[in-house]
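Structure first, commentary second.
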Amino acid sequence: MDQPLAAKHPQAHPLTLRVVGYGHPDATALIARVQAEYVARYGSPDEAPIDPALFDPPAGLFLLAYDGTTPVATGAWRRSPVLALGGTNAVEVKRMYVVPERRGRGAARAVLAELERTAADAGHDLAVLETGLKQPEAIALYRSCGYVEVPGFGHYAGSPLSRCFGKRL
């Protein structure tokens, strides 16, 4: 599924979103970059266990956003047992990342919107996610897209730096 997205910012090129496997070389490269960013912000990489197969359709989805032929953003969802906000069939949003040189131009918002759309199309009625206090731009994005805080869940549920959010789809 290659889907061109019109840029909202005149300096940005339109993005193309592609569904790929978690192990796709461009996905692997951007996952390494986000892990390096976690080390810079938190002192260690994300240590939550990840099973790449959980991001394969129909159980999940992994997206890459391209600016021309250059991969610039990632985002994914996988099924989740979390129940919040009256939802009954949740997905967890994972691996949201935009390369620093492409930030502030709508890439994360476009990826998140497509993740929400595809999750809803797959029959899910709730998206949940976990992020950290040292990622204020991520928290601002999620709040601006209608996400609200939900009780902590997952690997970092007890961490004082962790914040969990959810949104009905």
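When you scan segment 1-80 for strands (runs of 3 or more DSSP E) that lie fully inside it, which ones turn up with 2 or more residues that are open to solvent by 20 Å² or more (accessible area, probe 1.4 Å) and at pLDDT 90 or above?
In segment 1-80, the matching strands (runs of 3 or more DSSP E) lie at 15-19, 70-80.
Looking at segment 57-76, can you tell me whether even one residue there is more than 16 Å from Arg18 (Cβ to Cβ) and among the aliphatic types (A, V, I, L, M)?
Yes, that holds for at least one residue.
In segment 79-95, how many residues are of a type in the set (Ser, Thr, Tyr) and more than 9 Å from Val128 (Cα to Cα)?
1
Take segment 15-46 and flag every residue that is touching a residue at least 24 places away in the same chain (Cβ under 8 Å) and of a type in the set (S, T, N, Q).
Of everything in segment 15-46, just one residue is touching a residue at least 24 places away in the same chain (Cβ under 8 Å) and of a type in the set (S, T, N, Q), namely Thr16.
Of (1) open to solvent by 40 Å² or more (accessible area, probe 1.4 Å); (2) within 12 Å of the chain's Cα centre (by Cα); (3) of a type outside the set (A, V, I, L, M, F, W, C), Thr131 satisfies all except one. Which?
Going through (1) open to solvent by 40 Å² or more (accessible area, probe 1.4 Å); (2) within 12 Å of the chain's Cα centre (by Cα); (3) of a type outside the set (A, V, I, L, M, F, W, C) one by one, Thr131 breaks only (1).
Restricting the search to segment 81-115, which residues are open to solvent by 30 Å² or more (accessible area, probe 1.4 Å), not in a loop (DSSP other than H, G, I, E, B) and not aliphatic (A, V, I, L, M)?
Pro100, Glu101, Arg109 - these are the residues of segment 81-115 that are open to solvent by 30 Å² or more (accessible area, probe 1.4 Å), not in a loop (DSSP other than H, G, I, E, B) and not aliphatic (A, V, I, L, M).
Quick check on segment 148-157. Is at least one of its residues out of contact with any Asp or Glu (no Cβ under 9 Å at 6 or more places or on another chain), open to solvent by 30 Å² or more (accessible area, probe 1.4 Å) and in a helix (DSSP H, G or I)?
no
If I filter segment 116-128 down to residues being assigned to a loop (DSSP other than H, G, I, E, B) and open to solvent by 20 Å² or more (accessible area, probe 1.4 Å), which single residue comes out as nearest to Leu161 (Cα to Cα)?
For segment 116-128, the residue satisfying everything is Asp125.
The values are calculated or read from the model by the stated rules, or taken from the named source; none is laboratory data. Keep in mind that this is a model prediction, so the values were computed, not measured. In this analysis, Cβ positions are derived from the backbone assuming ideal geometry, glycine residues included, and neighbour counts consider all displayed protein chains. Note: accessible area is taken over every heavy atom of the protein model, side chains too, but ligands, DNA and RNA are not part of it. Shrake-Rupley method; radii C 1.70, N 1.55, O 1.52, S 1.80 Å.
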